[in-house]
1. Looking at A:Thr164, A:Thr174, which is the one that is out of contact with any strand residue (DSSP E or B) (no Cβ under 7 Å at 6 or more places or on another chain) and surrounded by 18 or more Cβ atoms within 10 Å (Cβ to Cβ)?
2. In this structure, is B:Thr109 in contact with a Leu (Cβ under 8 Å, 6 or more places away or on another chain) and within 11 Å of chain A (Cβ to nearest Cβ)?
3. How many residues, within segment A:266-301, are more than 27 Å from the chain's Cα centre (by Cα) and not in a loop (DSSP other than H, G, I, E, B)?
4. Is it the case, given these coordinates, that A:Ile231 is within 19 Å of the chain's Cα centre (by Cα) and within 14 Å of another protein chain (Cβ to nearest Cβ)?
5. Just a yes or no: is a residue in segment C:138-155 within 14 Å of another protein chain (Cβ to nearest Cβ), over 29 Å from B:Ala152 (Cα atoms) and among the small types (Gly, Ala, Ser)?
6. Given the criteria of a type outside the set (Val, Ile, Thr) and modelled with pLDDT under 85, does B:Trp76 qualify?
7. Inside segment A:162-240, counting only helices (runs of 4 or more DSSP H) that do not spill past its ends, which hold 1 or more residues that are closer than 30 Å to A:Ala302 by Cβ and without any contact (Cβ under 8 Å) to a residue 60 or more places away in the chain?
8. Looking at segment B:140-155 only, could you name the residues that are under 20 Å from A:Glu367 (Cβ atoms) and either within 11 Å of chain A (Cβ to nearest Cβ) or modelled with pLDDT of 85 or more (or both)?
Amino acid sequence: MIREKETTLYLGPQHPGITGNMMVKLKVQGDTVVKATTHVGYLHRAFEKLIEQRNWLNAFTLLCRFCVPEPDPMELTYARAVEELDNREVPERAQYIRVIVMELARLQSFMLWYAGQAGSAGLYTLGQWSVGDRNYILDLFEELTGGRIYHMYIWPGGVRRDVTDTWKDKVLKTMDYLEKRQDDYNQLMFDNTIFQKRAKGVGIVPKDKAIEWGVVGPPLRGVGIKSDVRIDEPYEVYDKLDFEVPTAEGGDIWARALVRKEEFRQSISIIRQAIEKMPKGDYYNKVPNPMKWVVPEGQAWAKTESVRGEIGFYVVSNGTNKPYRVHAKGAAYTHGVTVLEKILPGQNIADISFIMNSLGVCPPEIER
Amino acid sequence: MTELIKEQHLLDSLTSAFKIKGRVIRDRRVEVFADKKMVSGILLFAKKQLGFIHLAHMTCIDWIDENKFELIYTIWSPIEKIHLFVKTKIERENPEMENIDSIWDQANTYEREIREMFGIQFPGLIGEQDFALEDWDEMPPMRKDFDTKKYALETYYQRPGREDAKDVRETISERSGTKVPDFAKKYSREK
Amino acid sequence: MINDKDSQKIVDYIQNFARKQSLFVMAYGTGCGAIEIPATMTSRYDAERFGIRGAATPRQADVLLITGYLATKTLKRVIRVYEQMQEPKYVIGFGSCTINGGMYFDSYNTINALEQYIPVDVYINGCMPRPESVISGFVKLQELIQQGKADNGKKYRENLEWYRTNQKKIIKNWKMPDYNW
């Protein structure tokens with residue numbers, strides 16, 4: 001065997017395979033990665049500093065930009081933390097609406113994942129389909145909230161606008177359509193030999209180390225550990241809905257893909273149940289004048305399940321009309337740095353973007 | 001929610017092993033206040049003995065009025081399904097904290113970020129000095145006495161027109177020659 | 001070579017016509033606006049109708065799309081990417097934060113006006129701009145190209161010193177190759 005010289009390779013920040021704007025510095029021997037170091041900060045906008053300058057409600061415009069592919073969990077998590085600090089009740093109808101919004105956000109994020117995961121294996125047709133169909137969900141969001149990507153819809157004490165019956169019908173129709181379409185996606189992805197050969201046995205997260213490394217969400221379920229914030233610490237009305245948390249064995253890209261495939265189904269089922277069970281009533285409890293709203297002193301930690309895993313917000317109030325400190329921890333914070341650095345050595349350079357997509361690395365969430 | 005047996009039991013086992021104070025906040029939430037030197041011991045004990053194997057998050061708060069930094073370690077037990085907050089306060093002058101990345105590898109990332117954003121040193125921390133910033137030579141930016149607006153105004157080019165947008169209603173009324181209605185005046189930002 | 005003026009006009013017309021019909025967009029998601037690019041490029045909005053498609057490397061790209069806020073760390077890379085692109089090259093500032101900082105006007109780590117650092121042909125406002133407005137921005141750029149007004153590469157070369165002064169104000173540790181195109 002010819003022993004190759006070790007070379008340094010900079011992957012990113014401008015690289016079409018990287019999931020966003022970040023850099024992985026690699027030491028490679030031939031095609032094999034020996035050492036990987038993540039460099040972030042290309043998207044650092046100082047959110048946490050800026051939120052300290054805004055008042056409690058103005059923070060929402062910043063919050064939803066924490067992670068672009070899926071902004072709603074950020075809003076919900078912060079809102080829940082503020083509700084805990086301020087002892088605000090949320091009407092039941094609002095809780096159902098929140099669940100629907102969260103699951104719609106999850107679905108559209110899954111469709112981006114389908115595109116990214118297949119695209120990084122060279123299957124570009126799937127991206128055209130799923131990202132095209134994703135527009136149907138964004139249309140629903142637009143009708144409900146006024147924005148395609150950023151909604152600023154959930155706020156402490158409820159949601160901003162009520163849902164109409166026509167909107168519900170549209171949601172149900174879209175769900176029927178997506179359910180049919182998902183079979184097409186799966187056929188392109190899971191029945192494809194290229195995908196199977198590339199995904200099986202690549203990017204393995206070891207089961208015994210997974211929790212210690214901070215793996216959460218689908219990658220953790222992909223190693224066979226049943227962990228989901230929606231069942232571990234049920235929030236909103238998830239405990240009243242009937243859904244399964246799928247797991248798979250192996251911890252490789254294939255296992256994570258299987259988990260996501262099944263979660264897609266579960267999300268559709270949750271939305272259908274939530275629409276059926278949604279009671280009549282108020283959709284928000286009144287919030288004081290946002291300019292003068294003072295939240296009592298205290299500290300609160302809230303977490304929810306996003307498509308990449310748990311998202312937690314630590315919110316500190318010192319009894320003024322501005323947050324004293326807001327710290328957000330997204331799943332990518334560990335997936336993009338520790339986990340990526342640990343599982344890349346030994347892998348092929350060509351598989352890196354494949355692995356990053358399957359871990360759900362989202363750079364704006366890491367550096368905020 | 002009167003039955004917080006699990007939480008109380010956890011608090012008891014911690015307070016009996018260490019001389020610390022703590023309280024049960026609500027269901028699934030327990031916090032303990034520890035001395036700086038005891039933190040790594042508590043974390044190791046919680047991880048090995050009590051099953052808190054997941055470091056959910058770690059953060060720092062700048063209490064500038066008290067002249068202290070507060071460090072918060074949030075750990076989660078997948079079996080008990082409880083969050084445990086280990087909180088400690090350290091001095092704001094020459095802040096230094098024990099490095100815990102031998103307990104959890106991922107703590108390395110948090111500590112690098114805190115080192116950069118608050119200037120807290122973690123002796124023995126491996127990793128490049130820069131985390132998110134590059135060539136930063138000001139005060140660590142997340143400290144409360146760092147004024148981000150002043151810095152931005154001094155450093156970056158400001159396009160004229162933003163000062164105009166202080167109160168949109170008045171600007172529009174000046175431009176169009178109409179009066180601001182009385183009901184709108186009470187929402188003015190100037191007051 | 002062609003010496004007479006009228007034939008030069010015809011050549012220019014054909015050249016500009018060809019250039020505007022094939023805009024290769026640099027695949028560099030510099031900010032959160034990058035999320036609308038897949039939507040713009042795929043089946044519903046299908047930007048390829050206008051000859052807009054992605055290019056993986058700066059040398060092959062015509063358009064640099066600055067999708068949103070620029071952190072100072074990215075600015076350095078953007079300048080490097082821009083300087084590597086070959087003329088004719090165009091820049092589109094995408095989103096409010098490239099125009100005046102948008103909601104990040106008081107952030108210590110993002111620049112507020114893009115055209116201070118690299119010349120910008122078209123701005124698209126909004127946060128986030130819809131795919132329709134992205135396409136309308138591209139159409140505007142195509143008009144400028146057809147009229148021969150989009151020659152910012154030349155402008156950058158001629159005013160390099162002014163741009164460098166601005167850039168070096170932000171980027172403290174300037175270690176980059178000289179611009180010698």
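The values are calculated or read from the model by the stated rules, or taken from the named source; none is laboratory data. These numbers come from a predicted model, not from an experiment. Note that each Cβ is placed from the backbone with ideal geometry, even for glycine, and that neighbours are counted across all protein chains shown.
1. On the way: A:Thr164 fails: surrounded by 18 or more Cβ atoms within 10 Å (Cβ to Cβ).
One residue alone meets the criteria, A:Thr174.
2. Numbers: in contact with a Leu (Cβ under 8 Å, 6 or more places away or on another chain): no; within 11 Å of chain A (Cβ to nearest Cβ): yes.
Taking the combined requirement at face value, the residue does not satisfy it.
3. Final tally of qualifying residues: 1.
4. So A:Ile231 passes the test.
5. So in segment C:138-155, the residues within 14 Å of another protein chain (Cβ to nearest Cβ) come out as none.
Among the residues of segment C:138-155, not one is within 14 Å of another protein chain (Cβ to nearest Cβ), over 29 Å from B:Ala152 (Cα atoms) and among the small types (Gly, Ala, Ser), which makes the answer no.
6. On the way: of a type outside the set (Val, Ile, Thr): yes; modelled with pLDDT under 85: no.
For B:Trp76, the condition - of a type outside the set (Val, Ile, Thr) and modelled with pLDDT under 85 - is not met.
7. Working: elements: A:165-190, A:193-199, A:210-213, A:218-221, A:229-232.
Once the helices (runs of 4 or more DSSP H) in segment A:162-240 are filtered for at least 1 residues that are closer than 30 Å to A:Ala302 by Cβ and without any contact (Cβ under 8 Å) to a residue 60 or more places away in the chain, what remains is A:165-190, A:210-213, A:218-221, A:229-232.
8. Step one: list which residues in segment B:140-155 are under 20 Å from A:Glu367 (Cβ atoms), which gives B:140-143, B:146, B:148, B:151-152, B:155.
The answer is B:Pro140, B:Pro141, B:Met142, B:Arg143, B:Phe146, B:Thr148, B:Tyr151, B:Ala152.
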